[in-house]
Every structure is written in structure tokens, then in C-alpha cells.
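Chemist: Have a look at the structure that comes next, please.
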Amino acid sequence: MKEVSSLIDRILFYALVPSFFILLYLIFIWSPVEKVMGVTQKIFYFHVGSAWVAFLAFFVVGYYSVRNLIKPNMKHFIFAGASAEIGVLFTTITLITGMIWGRASWNTWWSWEPRLVTTLILWFIYVAYLFIRKMDGSWEKIAKLSSVFGIIGCLNVPIVFMAIRWWNSKLHPIVFGEGKGQSGGGIEPEMLITLLFSVFTISLLYVFLMRKGAEIERMRVIVRNQKNKLMNKLAS
Amino acid sequence: MNYLFLATSVVWVLIAGYVVILGKRQKKLQKEIFQLEEWNSEQ
Amino acid sequence: MKDILSDAITIAGKDLSNEFKTKQTIGTMVIFSALVILVFSFAFDPTNNTVKAVIPGLIWVITIFSGTLGLNRSFVSELENNCLTGLRSAPIDVTSIYLGKTLANFTLVTIVQTISIPVLFLLFNYRFTGSLLWFILIVLSGTFGFIVVGTFLSALAANAKNSEMLLPVLLLPLLSPLMIAAVQATTIVLVNEQISDAIGWLQLMTAYDLLFLGACFLLFEFIMEGS
């Protein structure tokens, strides 16, 4: 079992390294320069890729939270935690690249645009979720509490998006139009391929980080068990 | 162009930072496990 | 179902009679909201006419700030003398604890609002000209959503040592859609625009209230099991 898991890790790693170089090549050299936005448009590939993984990670947290409530399981608890942490990372990346994008194209660091604000609130929910996991107590207790919060948070995200979109359209008519990337003309096939490849690579990175995170959590459990064992030994 | 450079470097710094943090955590835990196992197997 | 409701009313009655005896929490909440209004009157000059634009926001800021104080006490106070264990071992459905607490908190916050909102209008020299009925409806449905989620998270946060610090961090991101809707609807009513614009926001608030009431109702059991 252990060999298989380390083999998967190795395969993932060796798949990851070349795909990153291919991704860089695709983004910076192969894909055409967009006519209106110029080179800055290339931020888009990182931005969309990490946004996709940020939301995916969130739904993974929700999924394992539901599983955990149905039947408490240490594995599900660990996966939910690892996924939430990676979610924070990619939400941060999405926010920062989104801000740089906004600065480059609309000349403001922050615009109250529904997707950007939803991502920000998602970030806060993730952080709150991690705070709950930092509580002390037995893992069963924390698993229950954090799962409950994960489900509530998942419910909240679509409502946030709707509310902000509505608020925005009332405040000032839609300025940026639909589709963030294509402000002029349709998407070119090269761009689409690059985008898909970037989504693929970042998803691969997510799986890799997820396995690493789960391994670390498992080690934490071992440490705790060993500590208890030692404590009992010293007491007797 | 500058913005593209900025965005790319932010992405890499964050991802690399996270990987380094994970590695550090793992190393620390490995050490702890090692130490604890040693103490547990003593006597 | 009927049992749950009557048990909830009993628990709410217990909380409220306790509160009215000491008047500790409610007194603090009223004073605190008055202080927040005072601080805001320093921040925005009340004699300035443009300040009317921030009044809808202020109503919700004082509600949330003072409400969070009350919510913090709601479950933590039960931890003293192991009252919560007593409640849980009582022959009642656990969800009735949640409903009871929600009712009690809702009553408390509404009482605080009936004092603090007129004070706000008074100190900011605001003459209310909108439709009072709609205004009350919007304030109540916004407050209800806030209390539904707040009571639930206060039970969750009570498990932590630093629950006073944890609760706002958990609560505010979840409240954001409700607050957008509440502030927008309040603005529409206060500046006397067409009520039909506010109805959409009111519907959103109602949907939020019902959705989270249902979700919290179903999930409350797990929180109590966990603690």
C-alpha cells in the first residue's frame, strides 16, 4: 500500500515538472498576443486556472464535510483540511492576479465586481474554517464542528455571488461586459488550448499538494498517538 | 508587460512558499516521530 | 414538531426572564450601540447633509456590533456550572435548544433596536418620512437572518476557548449577502424610492432566512453532539 502511494506521488511529481515548463512555453511564447489588452492578457491563464482550483477545493471541502457528518472518518477529516489549506493558497493567488489584472485593464486595484468579491468572501470563509480546525479538542469534535461550518459556507457562496451581482447592476450598469478575458473578438483556438492546459496543470498541482498535505496530517496523528503512548508509559 | 511580470512572480512565490512550508512541516514532524519512537522503544 | 416549539418557547422564556432579572447583557448592548453612534457622529459630521446616505449602513452596523455582544453570551453563559450539559440531557429535542436561543436572542436584539434606531435618527437629526411598515418589515427580516446564523455559530464557537474572538470571524463572511440586501432595502425605504425595488431585496432576505433556518435546524444536532 505504501509503495503504491509513494509511486503515485513520484508519477505526479514527474508529470508536474514537465507540464509546468510546457505551460510556461505555451503562455509566454506559443499563445498569440491579444489585440486589445496586449501581453497583460496572459495573466488570464494563471488567474482562471487558480480560480478554478480555488472553487474546486471548496467543493471538495464541502463534499468531505457531508461525508464526515454522515459517518465520521479520519481520512475525510484530513482530506477536507488539506483541501481547505490549498484553497486558501489558490484563492489568494486568484485575488492577487485578479487585482493586477484590474489594475492593468481598468486602472484600479480593486473593483466591486461580483466574481472578485465572491472570491474575497470565499477567502474569508476558508480562513474561518481553518480557525475552527485550530481549536483544541478531540478530532471527532473538531471534525463535526468544521464539517458543519463547511456545509454552511458552501451554501453561502452562491448566494453571495447572486447578491453582489444584483447589487452591482443596481449600482452602476454592467461596465465590463460578459467574459473577463475576451474584451475584443472571440477566443482563438491557441488561447483555448493554453487555458485548458493551464487548468490541467494547476489541477495536477492541486492533487499533488493535496496528497502531501494529507500525508503531513497523517504524520500529525501519528505524533499525537505516540505522545499519548509515551505519556502512559511515563505515568505507569 | 510589467504587470504580467508582477503577476507571474507573485504566483510562483506563493506556490513555492507553500511547498517550502509543507516541506518544513514534514521534516519537523518526521524528526518528532523519530524522537518519540526512540523514547517509546527505550527500556 | 409541536413539542419542539413549546420546548423552545420554554427555553426562550427561561433565557429572557434570566436576562430581565439582571439586565446585564441588554444594558451592555444598549450602551454599546449608543457609543457606536457617538463614535460615528465624530467620524461623519452629523450636521452635514450628505451624512443621510450612511444612515442605512449605520443601522446595520450598530445592529451587528451590539448583536454580536449578546450572541457571545448566549451559549458561553450556559457553560458555567455545566448548564449546557443539563439542557442536553433534558428530555427534549436538541433542536428546541437552538430554536429557543434564537427566539431569545431575536427578542433581545429587537428590543435593543427599538431603542438604538430612534436614538440614531435623533442624534443625526434625521426625519423619517418613508413607509414605517416596510421599514419595520425589512429591519425585522434582516435581524432575523442575522440571529439565525449568529445563534448557530455562537453555539459552534462556544466550544473554543477564545469564542469571543472566533464568533465575528465566522459570522461576518456568512452575513455578507444578507447585509448587502438589508442595507440596499433600507436605503430604498429611507430615501423614499419606489417600494417595488425593495421587494426584490426583501425576497432575497426571506430566502436567506428560510434557507439558513432550515440548514441550521438540521445541523444543530451535530454541534451539540460534538461538544
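The values are calculated or read from the model by the stated rules, or taken from the named source; none is laboratory data. Not measured: the values here are computed from a predicted model. Glycine also receives a Cβ, built like all others from the backbone with ideal geometry; neighbour counts cover every protein chain displayed.
Chemist: Identify, from the list B:Leu4, B:Leu29, the residue that is in a helix (DSSP H, G or I), in contact with a Ser or Thr (Cβ under 6 Å, 6 or more places away or on another chain) and either surrounded by 13 or more Cβ atoms within 10 Å (Cβ to Cβ) or facing chain A (nearest Cβ under 7 Å) (or both).
Modeler: Numbers: B:Leu29 fails: in contact with a Ser or Thr (Cβ under 6 Å, 6 or more places away or on another chain).
B:Leu4 is the lone residue from the list that is in a helix (DSSP H, G or I), in contact with a Ser or Thr (Cβ under 6 Å, 6 or more places away or on another chain) and either surrounded by 13 or more Cβ atoms within 10 Å (Cβ to Cβ) or facing chain A (nearest Cβ under 7 Å) (or both).
Chemist: Within segment C:101-118, is even one residue surrounded by 16 or more Cβ atoms within 10 Å (Cβ to Cβ), modelled with pLDDT of 90 or more and among the aromatic types (Phe, Trp, Tyr)?
Modeler: yes
Chemist: While we're on this one: Can you name the condition, by its number, that A:Leu122 falls short on among (1) more than 30 Å from A:Glu188 (Cα to Cα); (2) surrounded by 21 or more Cβ atoms within 10 Å (Cβ to Cβ); (3) more than 11 Å from every other protein chain (Cβ to nearest Cβ)?
Modeler: Just one mismatch for A:Leu122, condition (3).
Chemist: Further question: Could you list, in sequence order, all residues of segment C:5-36 that are farther than 20 Å from C:Pro118 by Cβ and surrounded by 18 or more Cβ atoms within 10 Å (Cβ to Cβ)?
Modeler: Let us first name the residues in segment C:5-36 that are farther than 20 Å from C:Pro118 by Cβ, namely C:5-22, C:24-25.
Hits for segment C:5-36 are C:Asp7, C:Ala8, C:Ile11, C:Ala12, C:Asp15, C:Leu16, C:Glu19, C:Thr25.
Chemist: Mind checking which residues of segment C:37-60 are crowded, with 18+ Cβ neighbours inside 10 Å and closer than 28 Å to C:Glu19 by Cα?
Modeler: Once the filter is applied, which keeps residues that are crowded, with 18+ Cβ neighbours inside 10 Å and closer than 28 Å to C:Glu19 by Cα, segment C:37-60 yields C:Ile37, C:Leu58, C:Ile59, C:Trp60.
Chemist: Can you find a residue that is more than 10 Å from every other protein chain (Cβ to nearest Cβ), crowded, with 23+ Cβ neighbours inside 10 Å, in contact with a helix residue (DSSP H, G or I) (Cβ under 7 Å, 6 or more places away or on another chain) and closer than 25 Å to B:Gly17 by Cβ anywhere in segment A:68-80?
Modeler: Here is the first cut: in segment A:68-80, the ones more than 10 Å from every other protein chain (Cβ to nearest Cβ) are A:70-71, A:73-80.
Okay, now just the ones that are also crowded, with 23+ Cβ neighbours inside 10 Å, so A:77, A:80.
With in contact with a helix residue (DSSP H, G or I) (Cβ under 7 Å, 6 or more places away or on another chain) added as a condition, the list becomes A:77, A:80.
Adding the requirement that they be closer than 25 Å to B:Gly17 by Cβ leaves A:80.
Yes, there is a match, as at least one residue in segment A:68-80 is more than 10 Å from every other protein chain (Cβ to nearest Cβ), crowded, with 23+ Cβ neighbours inside 10 Å, in contact with a helix residue (DSSP H, G or I) (Cβ under 7 Å, 6 or more places away or on another chain) and closer than 25 Å to B:Gly17 by Cβ.
Chemist: Separate question: If you check A:Phe46 against the conditions, is it more than 14 Å from chain C (Cβ to nearest Cβ), over 24 Å from B:Thr8 (Cβ atoms) and either touching a residue at least 40 places away in the same chain (Cβ under 8 Å) or touching a helix residue (DSSP H, G or I) at 6+ places or on another chain (Cβ under 8 Å) (or both)?
Modeler: On the way: more than 14 Å from chain C (Cβ to nearest Cβ): yes; over 24 Å from B:Thr8 (Cβ atoms): no; either touching a residue at least 40 places away in the same chain (Cβ under 8 Å) or touching a helix residue (DSSP H, G or I) at 6+ places or on another chain (Cβ under 8 Å) (or both): yes.
It is false that A:Phe46 is more than 14 Å from chain C (Cβ to nearest Cβ), over 24 Å from B:Thr8 (Cβ atoms) and either touching a residue at least 40 places away in the same chain (Cβ under 8 Å) or touching a helix residue (DSSP H, G or I) at 6+ places or on another chain (Cβ under 8 Å) (or both).
Chemist: A further question follows. Picking from A:Trp110, A:Trp106, A:Trp101, which residue would you name as being crowded, with 23+ Cβ neighbours inside 10 Å and over 14 Å from the mean Cα position of the chain (by Cα)? I'd like the intermediate steps shown before the answer.
Modeler: Details: A:Trp110 fails: crowded, with 23+ Cβ neighbours inside 10 Å; A:Trp106 fails: crowded, with 23+ Cβ neighbours inside 10 Å.
Of A:Trp110, A:Trp106, A:Trp101, the one residue that is crowded, with 23+ Cβ neighbours inside 10 Å and over 14 Å from the mean Cα position of the chain (by Cα) is A:Trp101.
Chemist: Conditions: (1) in contact (Cβ under 8 Å) with a residue 60 or more places away in the chain; (2) closer than 30 Å to C:Val189 by Cβ; (3) under 23 Å from the mean Cα position of the chain (by Cα). C:Asp7 meets all but one. Number of the miss?
Modeler: Every listed condition holds for C:Asp7 apart from (2).
Chemist: Can I ask one more? Could we say that C:Ala157 is buried (at least 21 other Cβ atoms within 10 Å of the Cβ) and either in contact with a strand residue (DSSP E or B) (Cβ under 7 Å, 6 or more places away or on another chain) or under 28 Å from A:Ser138 (Cα atoms) (or both) here? Break it down into steps so the answer makes sense when it comes.
Modeler: Numbers: buried (at least 21 other Cβ atoms within 10 Å of the Cβ): yes; either in contact with a strand residue (DSSP E or B) (Cβ under 7 Å, 6 or more places away or on another chain) or under 28 Å from A:Ser138 (Cα atoms) (or both): yes.
So C:Ala157 fits the description; yes.
Chemist: Scan C:Gly150, C:Gly145 and give me the residue that is touching a Gly at 6+ places or on another chain (Cβ under 9 Å), assigned to a helix (DSSP H, G or I) and either within 14 Å of another protein chain (Cβ to nearest Cβ) or exposed (fewer than 15 other Cβ atoms within 10 Å of the Cβ) (or both). Lay out the reasoning, then the answer.
Modeler: Values: C:Gly145 fails: touching a Gly at 6+ places or on another chain (Cβ under 9 Å).
From the options C:Gly150, C:Gly145, the qualifying one is C:Gly150.
Chemist: Would you say C:Glu193 is more than 10 Å from chain A (Cβ to nearest Cβ) and among the acidic types (Asp, Glu)? Talk me through it step by step, then tell me what you get.
Modeler: On the way: more than 10 Å from chain A (Cβ to nearest Cβ): yes; among the acidic types (Asp, Glu): yes.
Criteria met by C:Glu193.
Chemist: Any residue at all in segment A:57-73 that's without any contact (Cβ under 8 Å) to a residue 24 or more places away in the chain, out of contact with any strand residue (DSSP E or B) (no Cβ under 8 Å at 6 or more places or on another chain), on the phi < 0 side of the Ramachandran plot and not in a helix (DSSP H, G or I)?
Modeler: Yes.
Chemist: For segment C:74-89, which positions are surrounded by fewer than 20 Cβ atoms within 10 Å (Cβ to Cβ) and not acidic (Asp, Glu)? Give the derivation first.
Modeler: We begin by selecting, within segment C:74-89, every residue surrounded by fewer than 20 Cβ atoms within 10 Å (Cβ to Cβ); these are C:76-77, C:79-89.
Correct list: C:Val76, C:Ser77, C:Leu79, C:Asn81, C:Asn82, C:Cys83, C:Leu84, C:Thr85, C:Gly86, C:Leu87, C:Arg88, C:Ser89.
Yes or no, residue by residue, for (1) among the charged types (D, E, K, R); (2) touching a His at 6+ places or on another chain (Cβ under 9 Å); (3) farther than 13 Å from C:Ile11 by Cα:
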| site | (1), (2), (3) |
| --- | --- |
| C:Met29 | no, no, yes |
| C:Ser41 | no, no, yes |
| C:Ile62 | no, no, yes |
| C:Glu80 | yes, no, yes |
| C:Leu87 | no, no, no |
| C:Tyr98 | no, no, no |
| C:Ala104 | no, no, no |
| C:Val109 | no, no, yes |
| C:Ile115 | no, no, yes |
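Chemist: Still on this structure, I have one more. Go through (1) at pLDDT 85 or above; (2) in contact with a helix residue (DSSP H, G or I) (Cβ under 7 Å, 6 or more places away or on another chain); (3) more than 9 Å from chain C (Cβ to nearest Cβ) for A:Met99 and report which single condition fails.
Modeler: It is condition (2) that A:Met99 fails.
Chemist: Something else now. Do you know which residues across segment A:188-236 are free of Cβ contacts under 8 Å to residues at least 24 places away in the same chain and away from every other protein chain (no Cβ under 14 Å)?
Modeler: The answer is A:Pro189, A:Leu192, A:Leu196.
Chemist: Could you please give the count of residues in segment C:155-181 that are facing chain A (nearest Cβ under 7 Å) and more than 16 Å from the chain's Cα centre (by Cα)?
Modeler: If we filter segment C:155-181 for residues that are facing chain A (nearest Cβ under 7 Å), which is where we start, we get C:156, C:159-160, C:166, C:169-170, C:173-174, C:176-177, C:180-181.
When the remaining residues are screened for being more than 16 Å from the chain's Cα centre (by Cα), the result is C:156, C:159-160, C:166.
Summing the residues that are facing chain A (nearest Cβ under 7 Å) and more than 16 Å from the chain's Cα centre (by Cα) in segment C:155-181 gives 4.
Chemist: Let me ask something else about it. Under 7 Å between Cβ atoms, which residue pairs at least 6 apart in sequence (or on different chains) link something in segment A:153-167 that is facing another protein chain (nearest Cβ under 7 Å) with a partner that is surrounded by 18 or more Cβ atoms within 10 Å (Cβ to Cβ) and among the small types (Gly, Ala, Ser)?
Modeler: If the second residue must be surrounded by 18 or more Cβ atoms within 10 Å (Cβ to Cβ) and among the small types (Gly, Ala, Ser), the pairs left are A:Leu155/C:Ala215; A:Val160/C:Ser176; A:Ala163/C:Ala181.
Chemist: Further question on the same structure: Name the single residue, out of those in segment C:208-227 being buried (at least 18 other Cβ atoms within 10 Å of the Cβ) and among the hydrophobic types (A, V, I, L, M, F, W, C), that is farthest from the other protein chains (Cβ to nearest Cβ).
Modeler: C:Leu213
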